[in-house]
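Report on the structure given below.
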Amino acid sequence: AQTVTQSQPEMSVQEAETVTLSCTYDTSESDYYLFWYKQPPSRQMILVIRQEAYKQQNATENRFSVNFQKAAKSFSLKISDSQLGDAAMYFCAYRTAQWGDMRFGAGTRLTVKP
Amino acid sequence: DTGVSQDPRHKITKRGQNVTFRCDPISEHNRLYWYRQTLGQGPEFLTYFQNEAQLEKSRLLSDRFSAERPKGSFSTLEIQRTEQGDSAMYLCASSPPQRGTYNEQFFGPGTRLTVL
């Protein structure tokens, strides 16, 4: 069974600094997708960034980038120039190319200090 | 279209009662998903529809749970004989017709269920 592990329940970063959130996963599949979702307090979950496993190049979306290490089954999220609005729960998620459901990690609560 | 909507946003019920939640996906999204999220955890998959067909159900979906999507548009999730362990946030997500092998899931705000 595929599992997703986020080993950092909470992280804190100073505004304008950089923070990295960790995620590891376990799968026997070779083709899959990885995601980072953001869930602000009392608001709905939104997609931050995604990575296709067949792509070697790490995905980037403005201040957000990932470090995808397929052999190590690691998928970390780097947030550069952190802003107060980045404060939220961040969930790492996995989906195979074949099935529809996603498997989520337990989440990392990110606090941004002014 | 403002996104996936869910109703109600909050539901408090007594143990043993039945509850029903509704999800309206983004129009033209043919896939609809239900997840359950307990406090301090990530969402857990419950079930998945493509149009009106329920294609996959998690083992988490006991026989007290039933989901429908009768016309391939909105969906309902019913929980019969609620238990305190059913207290959670129930999330709905939808995604558009598949392009290649990837499609993004768009989440609704969730329905928070409290069973007393």
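The values are calculated or read from the model by the stated rules, or taken from the named source; none is laboratory data. The structure presented is a predicted model; accordingly, all values stated were derived computationally and were not measured. Virtual Cβ from ideal backbone geometry, glycine too; neighbours counted across all protein chains shown.
Name the one entry in A:Gln14, A:Gln2 that is surrounded by 13 or more Cβ atoms within 10 Å (Cβ to Cβ) and either under 24 Å from B:Arg31 (Cβ atoms) or more than 10 Å from the chain's Cα centre (by Cα) (or both).
A:Gln2
If a residue has to be away from chain B (no Cβ under 14 Å) and either buried (at least 21 other Cβ atoms within 10 Å of the Cβ) or of a type in the set (A, V, I, L, M, F, W, C) (or both) to count, how many in the range A:95-114 make the cut?
Here the count works out to 2.
Rundown of residues vs (1) away from chain A (no Cβ under 14 Å); (2) not in a strand (DSSP E or B), yes/no style:
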| residue | (1), (2) |
| --- | --- |
| B:Leu55 | no, no |
| B:Asp63 | yes, yes |
| B:Pro70 | yes, yes |
| B:Leu77 | yes, no |
| B:Arg81 | yes, yes |
| B:Tyr90 | no, no |
| B:Ser94 | no, no |
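Checking the conditions here, which among A:Phe75, A:Phe68, A:Phe91 is aromatic (Phe, Trp, Tyr), crowded, with 22+ Cβ neighbours inside 10 Å, farther than 18 Å from A:Glu10 by Cβ and modelled with pLDDT of 95 or more?
A:Phe75
Does any residue in the range B:48-61 that is at pLDDT 90 or above come within less than 6 Å, Cβ to Cβ, of a residue that is surrounded by 14 or more Cβ atoms within 10 Å (Cβ to Cβ) and of a type in the set (D, E, K, R) six or more places away or on a different chain, and which pairs are these?
B:Tyr48/A:Asp101; B:Tyr48/B:Glu56; B:Phe49/B:Arg69; B:Gln50/B:Arg31; B:Glu52/B:Arg69
Checking the condition among the β-branched types (Val, Ile, Thr), away from chain A (no Cβ under 11 Å) and assigned to a loop (DSSP other than H, G, I, E, B), which residue from B:Ile12, B:Ile26 passes?
Step by step, each of B:Ile12, B:Ile26 is checked, and only B:Ile26 is among the β-branched types (Val, Ile, Thr), away from chain A (no Cβ under 11 Å) and assigned to a loop (DSSP other than H, G, I, E, B).
To keep it simple, each residue is scored yes or no on (1) in a loop (DSSP other than H, G, I, E, B); (2) more than 14 Å from chain B (Cβ to nearest Cβ).
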position	(1), (2)
A:Ala16	yes, yes
A:Phe35	no, no
A:Arg43	yes, no
A:Gln56	yes, yes
A:Asp81	yes, yes
A:Met89	no, no
A:Ala93	no, no
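Going by the structure shown, is B:Gly42 assigned to a loop (DSSP other than H, G, I, E, B), at pLDDT 95 or above and either closer than 27 Å to A:Val4 by Cβ or more than 15 Å from the chain's Cα centre (by Cα) (or both)?
Considered against the rule, which asks whether it is assigned to a loop (DSSP other than H, G, I, E, B), at pLDDT 95 or above and either closer than 27 Å to A:Val4 by Cβ or more than 15 Å from the chain's Cα centre (by Cα) (or both), B:Gly42 comes out as no.
Restrict the check to the range A:18-30 and report whether at least one residue is touching a strand residue (DSSP E or B) at 6+ places or on another chain (Cβ under 6 Å), modelled with pLDDT under 95, surrounded by fewer than 19 Cβ atoms within 10 Å (Cβ to Cβ) and assigned to a loop (DSSP other than H, G, I, E, B).
yes
For the range B:78-89, indicate whether the set of residues that are among the aliphatic types (A, V, I, L, M) and out of contact with any Ser or Thr (no Cβ under 9 Å at 6 or more places or on another chain) is non-empty.
no
Can you tell me how many residues within the range B:96-116 are crowded, with 18+ Cβ neighbours inside 10 Å, at pLDDT below 90 and either more than 9 Å from chain A (Cβ to nearest Cβ) or assigned to a strand (DSSP E or B) (or both)?
Adding up the residues that qualify gives 0.
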